[in-house]
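S.K.: The structure is given below, and queries will be raised subsequently.
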Amino acid sequence: MNKYELMVIIDPALEDDKKEAAIENVKNIIAEAGEVSETDVWGLKKLAYPIQKKNEGYYVVMQFTAEPELPKELDRRLRIADAYMRHIIINKDEK
């Protein structure tokens, strides 16, 4: 299993319960073939440039371990969901 870090920016227009549901959705996807070790909610932050005509985003950073196939599936699911504005998955084991 490899160690990964995921940063996701959630749409700030969502209600708080829907933001929490979006975070839980990501945790459930990871739990299918891995394990979330840490979740750090940064909250509402100003974006460096507008995304979808929005100047702020709700940032969440997760540390997790998973099989090498999981990041591709996670990336696919995050791309098609409307709640997530941007995301990045980093393999922390690569030097």
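S.K.: Do any GluC sites (Glu not before Pro) in the range 1-83 lie in a loop, going by DSSP, with at most 10 other beta-carbon atoms within 10 Å of their beta carbon, and if so which? Could you put the intermediate results ahead of the total?
M.R.: Working: sites: Glu5, Glu15, Glu20, Glu24, Glu32, Glu35, Glu38, Glu56, Glu69, Glu73; in loops: Glu15, Glu32, Glu69.
Listed in order of number, the matching sites are Glu15, Glu69.
S.K.: Once both axes come from the Cα atoms, what is the angle between helix 70-80 and the longest principal axis of the chain, in degrees from 0 to 90, rounded to 10?
M.R.: 20 degrees
S.K.: Starting from the Kirkwood Rh over alpha-carbon pairs, what translational D in µm² s⁻¹ does the range 43-95 have by Stokes-Einstein at 37 °C and 0.692 mPa s?
M.R.: On the way: Rh = 13.0 Å.
My calculation gives 253 µm²/s for D.
S.K.: If you average 1/r over all unlike Cα pairs in the range 16-72 and invert the result, what Kirkwood radius do you get in angstrom? Before the final figure, lay out the partial values.
M.R.: On the way: mean 1/r = 0.0784 Å⁻¹.
Final number for the Kirkwood radius of the range 16-72 is 12.8 Å.
S.K.: Counting only residues 5 or more places away or on other chains, whose amide H sits under 5 Å from the amide H of Met85 once H atoms are built in the peptide plane?
M.R.: For Met85, whose amide H was placed from the backbone, the distant partners under 5 Å are Ile9, Ile10, Asp11.
S.K.: Which number gives the lysine pairs in the chain that have C-alpha atoms under 13 Å apart and are eight or more places apart or on different chains?
M.R.: Here the count comes out as 5.
S.K.: Using the beta-carbon distance between Gln63 and Arg86 and R0 = 22 Å, what value does 1/(1 + (r/R0)^6) give for FRET efficiency, to the nearest 0.05? Before the final figure, lay out the partial values.
M.R.: Working: r = 18 Å, r/R0 = 0.84.
Result of the calculation: an efficiency of 0.75.
S.K.: Sticking with this one: What is the angle, in °, between the Cα long axis of helix 16-31 and the longest principal axis of the Cα atoms in the chain? Nearest 10 is fine, range 0 to 90.
M.R.: In the chain, helix 16-31 runs at an angle near 20 degrees to the longest axis.
S.K.: If N is the number of residues in the chain, what value comes out of its Cα radius of gyration divided by 2.2 N^0.38 Å?
M.R.: Numbers: Rg = 13.0 Å, N = 95, 2.2 N^0.38 = 12.4 Å.
In units of the globular-protein estimate, the chain measures up at 1.05.
A short reminder: the numbers here are calculations on the coordinates, not readings from a lab. What you see is a predicted model, and the numbers here were worked out from it, not measured in a lab. Ideal geometry is used to build each Cβ from the backbone, glycine not excepted, and the neighbour counts take in all protein chains shown.
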